[in-house]
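Down below is the structure, laid out as structure tokens.
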Amino acid sequence: MRRRARSPQGLPERPGHEGIGPARLQVQGGRLVDELDRRFGAGWKVRAGEVFSADGTVLDESTVLPAGSHVYLYRELPDEVVVPFDLPVLYRDDDIVVVDKPHFLATMPRGRHVTQTALVRLRRELDLPELAPAHRLDRLTAGVLLFTARRELRGRYQTMFARGDVQKTYLAHSDGTATVDLPVTLRSRIVKHRGRLQATEEPGEPNAETHVEALGAGVYRLTPRTGRTHQLRVHLASIGLPITGDPFYPSVIDVAPDDFSRPLRLLAQRLVFDDPVSGQRREFVSSRALG
């Protein structure tokens with residue numbers, strides 16, 4: 001039902017959805033209950049008083065809206081496998097929260113991962129309803145992850161990451177043999193098509209850059225200058241160094257949702273940046289071992 005949106009002011013929180021924003025739906029116009037029945041079989045939500053306008057007004061069976069209007073509703077939560085790993089807080093102040101994310105925990109709700117995400121866990125545990133990620137880590141990647149604590153600060157921290165103003169260091173393990181001399185800086189165009197598990201390298205202007213260094217014993221230090229989806233996994237696989245435990249690269253392997261036995265050996269080890277609010281130099285280091 002369209003993308004998840006932040007909760008507008010005045011929208012009541014549905015019990016059991018603490019820390020989870022509502023979905024925002026753009027309507028095609030007409031009688032709302034009929035449209036939700038026709039499109040999603042969800043007219044019952046209108047009849048139950050579970051669909052709202054942006055100001056929190058409950059919409060009912062008499063509601064008629066023009067095309068392009070938005071309504072808000074809480075989607076039904078999927079059954080989820082509990083991710084049985086801790087989410088330690090490395091640092092917290094009034095502006096940011098920095099955590100050491102475990103493997104297998106998604107950064108934020110998407111698809112079948114909703115309550116078992118770093119964002120929802122932290123909103124509930126820390127009682128910070130406006131918490132939002134300043135950047136993302138893949139569900140299978142562990143390590144340092146930064147959140148903003150207040151809505152008005154999101155843009156400043158997210159822009160810092162988008163501009164590449166953050167120094168990011170990763171560690172990875174591979175049993176492969178490099179097909180190029182190391183160290184090397186890899187540049188290519190990486191595209192992640194909707195509905196496909198793998199991202200691919202395609203012809204065109206490079207949009208992804210990663211510096212790769214060998215540290216010995218199959219361990220590599222990765223310094224990305226960009227943040228494309230699956231960038232590090234794609235780049236290492238492209239030079240004969242698929243990351244140990246990767247179920248997507250070079251080939252897709254089916255893994256059961258409750259199988260936590262073989263984590264991806266990729267760790268976001270370190271973040272360094274000049275804080276856009278305080279101006280302080282910040283450095284956060286993961287306490288996790290690469291494994």
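Some observations on this one:
- 3J(HN,Hα) couplings calculated from phi for segment 231-238 with the Karplus curve 6.51 cos²θ - 1.76 cosθ + 1.60 (θ = phi - 60°) are, in sequence order, 3, 5, 5, 5, 5, 5, 4, 5 Hz; Gly and Pro show x.
- Over segment 89-285, volume per residue of the alpha carbon convex hull, in Å³: 131 Å³
- Modelled this way, with points 7 Å down the Cα-to-C-beta line, the labels at Ser287 and Asp275 are 2.0 nm from one another.
- Computed E for Arg187/Leu77 - FRET, C-beta separation, R0 41 angstrom, nearest 0.05: 0.50
- Here Asp94 and Thr177 are evaluated by their C-beta separation; at R0 = 45 Å the FRET efficiency comes out at 0.40.
- Span from the segment 193-268 Cα centroid across to the segment 8-72 one, whole angstrom: 40 Å
- Full extension of the chain between Arg31 and Ser62 gives 10.5 nm of extra length, using 0.36 nm per residue less the Cα-Cα distance.
- Highest mean first, the peptides 64-72, 28-36, 115-123, 197-205 sorted by other C-beta atoms within 10 Å per residue fall in the order 115-123, 28-36, 64-72, 197-205.
- DSSP-defined beta bridges in the chain - what % are antiparallel, rounded to 5: 95 percent
- Per-residue 3J(HN,Hα) values for segment 156-170, derived from phi via the Karplus relation 6.51 cos²θ - 1.76 cosθ + 1.60 with θ = phi - 60°, read 5, 6, 5, 5, 4, 6, 4, 7, x, 7, 10, 7, 10, 10, 10 Hz in sequence order (x marks Gly and Pro).
- Temperature 20 °C, viscosity 1.002 mPa s: under these conditions the Stokes-Einstein estimate for segment 1-76, based on its Kirkwood radius over C-alpha pairs, is 175 µm² per second.
- Burial order of peptide ranges 266-279, 149-162, 228-241 (average beta-carbon count within 10 Å, highest first): 228-241, 266-279, 149-162
- Charge context of Leu65, other residues only, Cβ under 13 angstrom, K/R +1, D/E -1: -3
- Accessible surface of the chain, 1.4 Å probe, proportion on carbon and sulfur as whole %: 47 percent
- Pairwise FRET efficiency - Ala48 versus Ile253, Cβ, R0 = 41 Å, nearest 0.05: 0.45
- In segment 114-179, Cα pairs under 8 Å separated by at least six residues give a relative contact order of 22 percent.
- Counting only Cα atoms, segment 138-205 measures 46, 27, 24 Å along its principal axes, largest extent leading.
- Environment charge of Leu128, counting only residues whose C-beta is closer than 10 Å and scoring Lys/Arg +1, Asp/Glu -1: +1
- 3J(HN,Hα) along segment 269-278: 7, 8, 10, 9, 6, 8, 4, x, 9, 8 Hz, from the Karplus curve 6.51 cos²θ - 1.76 cosθ + 1.60 with θ = phi - 60°, whole Hz, x for Gly and Pro.
The values are calculated or read from the model by the stated rules, or taken from the named source; none is laboratory data. Predicted, not measured: the structure shown is a model, and the values here were computed from it. Counting neighbours? That spans all protein chains shown, and the Cβs are built from the backbone with ideal geometry, glycine included. These area figures cover heavy atoms from the full protein model, side chains too; ligands, DNA and RNA do not enter into them. Shrake-Rupley method; radii C 1.70, N 1.55, O 1.52, S 1.80 Å.
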